Amino acid sequence: MKEVGMDSHYKSLICEDDHVDELLEKEVLSRIPDENSSVDAADLFSQLADSTRVRLLCMLSVSDLCVCEMADMLHISQPAVSHHLRSLRQTGIVRFRKQGKRASYYLSPDENGKMVRKLLQGVFSEMEENSDA
């Protein structure tokens with residue numbers, strides 16, 4: 001008997017053809033990115049899935065820094081920092097400028113950099129508010 005009840009339950013979850021709202025469908029489809037833009041966004045989000053990269057981005061949201069400064073502050077090797085920065089540069093979140101022998105890294109001034117800065121500020125200000133409560 002349970003099988004009959006479960007079958008009727010699942011049957012009620014199946015969409016019927018008459019549920020389509022063409023205006024809603026057009027509205028939703030007009031607001032989602034194309035496949036290439038979605039891939040770019042996924043690449044950007046994947047950069048934020050690594051705690052070391054998040055820490056580097058937080059540091060760069062405060063000041064332009066060179067690899068050795070970031071490595072010293074995080075107590076990790078310069079090659080490890082360089083590896084993370086290369087990945088962040090490939091997605092356009094981070095840029096660098098040469099000043100003699102020194103290369104200073106900074107958050108990109110474009111939309112991706114601005115978005116990452118706002119996201120980090122929002123996440124960490126929320127965490128501070130929750131820890132104060």
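Values computed for the structure shown
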read-out	value
Matching residues in segment 61-87 - criterion: being among the aliphatic types (A, V, I, L, M) and modelled with pLDDT of 95 or more	Leu65, Val67, Met70, Ala71, Met73, Leu74, Ile76, Ala80, Val81, Leu85
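Results for (1) more than 20 Å from Ala42 (Cβ to Cβ); (2) in contact with a helix residue (DSSP H, G or I) (Cβ under 7 Å, 6 or more places away or on another chain), shown as yes or no for each residue.
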{"position": "Glu69", "(1), (2)": "yes, no"}
{"position": "Ser108", "(1), (2)": "no, no"}
{"position": "Val116", "(1), (2)": "no, yes"}
{"position": "Glu129", "(1), (2)": "yes, no"}
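The values are calculated or read from the model by the stated rules, or taken from the named source; none is laboratory data. Everything numeric in this text was worked out from a predicted model, so none of it was measured. Quick reminder, even Gly has a Cβ in these numbers, built from the backbone with ideal geometry, and neighbours come from all protein chains shown.
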